[in-house]
Every structure is written in structure tokens, then in C-alpha cells.
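What follows is a short report on a single structure.
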Number of protein chains: 2
Amino acid sequence: MTFTVSEQTDADWPEVWRVLEPAFRAGESYPLPLNVSEEDAKLYWIKRDGLNAVARDQSGAVVGVYYLRPDQGGPGSHICNAGYVIAESARGKGYAVELCKQSQDQARAMGFRGMKFNLVVSNNTAAVTAWKRAGMDILGTVPGAFRHPVDGFVDAYIMYRALEAAE
Amino acid sequence: MTFTVSEQTDADWPEVWRVLEPAFRAGESYPLPLNVSEEDAKLYWIKRDGLNAVARDQSGAVVGVYYLRPDQGGPGSHICNAGYVIAESARGKGYAVELCKQSQDQARAMGFRGMKFNLVVSNNTAAVTAWKRAGMDILGTVPGAFRHPVDGFVDAYIMYRALEAAE
């Protein structure tokens, strides 16, 4: 698997939205209304206080996207939060694990000391497995924190890993 | 202890800020820069997607303030997040416990199914004790998540309680 990651530009948005939209409409992973408008999705996804990245395979197709930003402000700003979406056509190939690891390298380079996910839907097995493979541990479980369109109220995990200093 | 809680109005802001400012400047509890401007503090504190409340004692003095809002959007919006600041002159009298309980009643009435705190600084013993008395449990510990001005990197707790349905 070879992919290149670059910072998202304005010109990337249409391709990014084609990756995000089916994930957001499915309503199984992100805390957004299923009918979120493209405009609101853009406001949610693009993190002015952090960075957005786009991963492309050798053909130039977008295989995944992520955001990375401080989880909290001021005295809490050394821990980052991140979110990922893998393109439907690129799933099941290990991109989530690799993209998460790449974002951890990026986070280390930016000086973050830890990475925290606030809402990993517990029945999203592919995601939970990928993040564990990328070194994230379950730090706590919020009971029934996510209203799944099929399964109703399901637990959500808070996941965390410390980021050793960049070499 | 008798206090009345009302929704914060524009006219309340100067009194609210007099309660918030010393807490924010101390930098021991909220993830804001210690030198946060009044304008930025107001943007942080006033939650347009939730509510802000002011508690006054029988003399009309503000004893504490809180915000309450959805912790996440869409399929995560049934869990609320809240933050409290007790006026310096009113501390040590049990107001934090009572205000937290009152906010839980408020949250139930608004239909929330749980209450979650994302960053309870672990060495803030008064706060941790108060929230436990108000039924909040530690759900997880984020290692070194808060840079304390005296103690350096200290752990932060994520605290949670389920809110039974309003009667």
C-alpha cells in the first residue's frame, strides 16, 4: 500500500466531500445529523485551529481524509483529537491503520503529547480494530452515547495513546 | 443554603464575568489561556446551542454559574456536557454540589439521557469531590491532559452519570 498525504487545499474540497458524504449520511460513526448540508459538513470538517489532510493512492484517487487539532484549549492544548474517513472504494485494505499512524507522526511533529478520540462508536468494529492496531487504547466507555440508525443507543469508546517525543 | 437559578441574560454578563475571571486567570480548572480576553471568555462561556444559568443567594449576589449543552451533535446529542464556576466568596459552602444537581434536573427536563464532563483536573480535589457527591462517576483518566500552573502535567478525569427520565 502506497499513499501520499498532503494538507487539504480549497481545491480538494469536492473530492473530500465525495468521501465524507456517504459516511456522514450513513450516520454510523460521526455525531452529525444524517441530513447535514454540505456547507455545515464543511464547517464541521475543516479545522481552522488544526489541520486537514488528504491521502491519495498512486493513481491520485483520494483514499482517505483526516483532521487533527487540539482536543482542548490553553492548558489542555497539548493533547490532539483526530477524525478519519476512508473512501468507500478503499476500505478493507488497511488504510485506516496506516493513515492513523501517519497522523500520529504528524501530531508528534506538531508537538502534541497524546492523541484522543472522543466518540468511537462501539459497534463500528472496523474502526475500533484499526485504532487499536494504531496503538490507541480504550480509556473509557460512555454508555449509550451514540444513537445508531439500526442498533439504537450504543456505547461509545474514548480512545487514547500517548505520543512519545518526535526523534 | 437557599439559591435561585435563572437563565443568564445579557444584563448578567458583568456579574458573571466577575465570577469567571478569577477562575480562568488561576488556570487550574478550565482549558483556556490564562490571559484570555473578556471577549474570548464570553465566546467560550455562552453556549448558543445550550443554556447558561446564574445562581443567586437570597441577597441577590451571584454564587455560581453554569453552562449546559449537548456534548456532541446529531446521534450524540442526547448526552449533555456542563461546566460550573462558583464565586470565590461562595466556595466551601456546598454550592457546587447543589448547582450540579440542579443542572441535572434541568438536563433531564431538556431530555438529556446522561451528563458528561470532559476535563476534570485531577488535583482539583474540591471539584472532584463535589461532582462525586452529585452522582458523577469517573469514567476514565486522561494521563497528563492538563498543564497546571504549579503542578505541571496532571491527569484529567472524564466523569459521567446517567440521567434517569424526568418524572
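Values in this text are rule-based calculations from the coordinates and carry no lab data. Small disclaimer: the values here were computed from a predicted structure and weren't measured. Cβ coordinates were reconstructed from backbone atoms using ideal geometry, including for glycine residues, and neighbour counts include every protein chain displayed.
Tabulated data
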read-out: Region B:53-100: trypsin sites (Lys or Arg not before Pro) falling in loop per DSSP and having at most 16 other Cβ within 10 Å; value: B:Arg91, B:Lys93
read-out: Environment charge of B:Val120, counting only residues whose C-beta is closer than 12 Å and scoring Lys/Arg +1, Asp/Glu -1; value: -1
read-out: Over the protein assembly as shown, equivalent-ellipsoid semi-axes from the Cα gyration tensor in Å; value: 37, 21, 18
read-out: Region A:43-167, Rg to Rh (Cα coordinates; Rh as Kirkwood inverse mean 1/r); value: 0.96
read-out: Spatial separation of Cα centroids for region B:1-43 and region B:47-123, in angstrom; value: 13 Å
read-out: Order of B:Met159, A:Met110 - criterion: other Cβ atoms within 10 Å of each residue's Cβ, fewest first; value: A:Met110, B:Met159
read-out: Net dipole in debye of chain B [+1 Lys, Arg Cβ; -1 Asp, Glu Cβ; about Cα centre; nearest 20]; value: 340 debye
read-out: Gaussian network model of chain A, springs between alpha carbon atoms under 10 Å - residue of A:Gly64, A:Gly94, A:Gly114 with greatest fluctuation; value: A:Gly94
read-out: Anisotropy class of region B:82-130 from Cα gyration tensor, a/c 1.5 cut; value: oblate
read-out: Förster radius 25 Å - calculated FRET efficiency between A:Asp49 and A:Asp137, Cβ distance, rounded to 0.05; value: 0.50
read-out: Distant-in-sequence amide H partners of A:Phe117 (H built 1.01 Å from N, under 5 Å); value: A:Met159, A:Tyr160
read-out: Label geometry 7 Å along the beta-carbon vector: A:Phe153 inter-copy distances in nm; value: 3.6
read-out: Least to most buried among B:Tyr95, B:Tyr44 (fewest other Cβ within 10 Å first); value: B:Tyr44, B:Tyr95
read-out: Kyte-Doolittle mean at least 0.5 and Cα axial length at least 15 Å: DSSP H helices in chain B; value: none
read-out: Cβ-derived FRET efficiency at R0 51 Å, B:Ala165 paired with A:Glu7, nearest 0.05; value: 0.65
read-out: Separation in nanometres of the label points that stand 7 Å from Cα toward Cβ, at A:Glu21 and B:Phe153; value: 4.2 nm
read-out: DSSP beta bridge pairing in region B:4-162, given as percent antiparallel to the nearest 5; value: 90 percent
read-out: Charge dipole of chain B about the Cα centre (unit charges at C-beta), most positive-ward option of B:Pro33, B:Pro14, B:Leu68; value: B:Leu68
read-out: When the convex hull of its Cα atoms is projected in every direction, mean area for region B:1-91 (nm²); value: 6.4 nm²
read-out: Highest-first arrangement of B:25-32, A:120-127, where packing means the average Cβ count within 10 Å; value: B:25-32, A:120-127
